[in-house]
1. Of the options Thr68, Gly84, Ser47, report the single residue whose Cα projects farthest towards the positive end of the charge dipole of the range 39-132 (beta-carbon charges: Lys, Arg +1; Asp, Glu -1).
2. Counting only DSSP beta bridges with both residues in the range 39-132, what percent are antiparallel, rounded to the nearest 5?
Amino acid sequence: MTNKSKTSAIIPDTPAKLEVPSTDSKPPVIDTSSQTGGSTVSIVPGSSAPSNGKYFAPEAIAISKGTTVTWTNDDVTLHTVISGTPEEGNIGTEFDSSYLAAGKAFEHAFNTAGTFDYFCTLHPFMTGKVKVQ
Ligand SMILES: [Cu+2]
């Protein structure tokens, strides 16, 4: 005669420790308004026509020394970005993009303070200015 007594072990149900992230840590804020990494100028669509009224946007920019400016040709035709003015004899002394096809970009790092005029040799009415502080 066997009298089996069932003994069930009582195992306390211990819940796994939950790692609760501290609530005082804020999510990273991505500041897209900051231009410390560089600055961009758009060659606007239709800028090969004087009637467009708008060519380089923004036409004048102020940056700090060491900033790289990127010009992007958002138009459908060739343009150039060349330092100087057609009136002065200083054309291309600071930078010269050469022919910039549609969709292409040109970069130049400004390491000297001053005001740099520039224009497009194909459409001399297209003028812009970079002020380096
Ligand atoms: Cu042009």
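Bear in mind that the values in this text are calculations on the coordinates, not laboratory data. Just so it is clear, the structure is predicted and the values come from calculations on it, not from any experiment. Here the Cβ is made from the backbone with ideal geometry for all residues, glycine too, and neighbour counts use every protein chain on show.
1. Most positive-ward Cα: Thr68.
2. Among the beta bridges of the range 39-132, antiparallel pairing accounts for roughly 65 percent.
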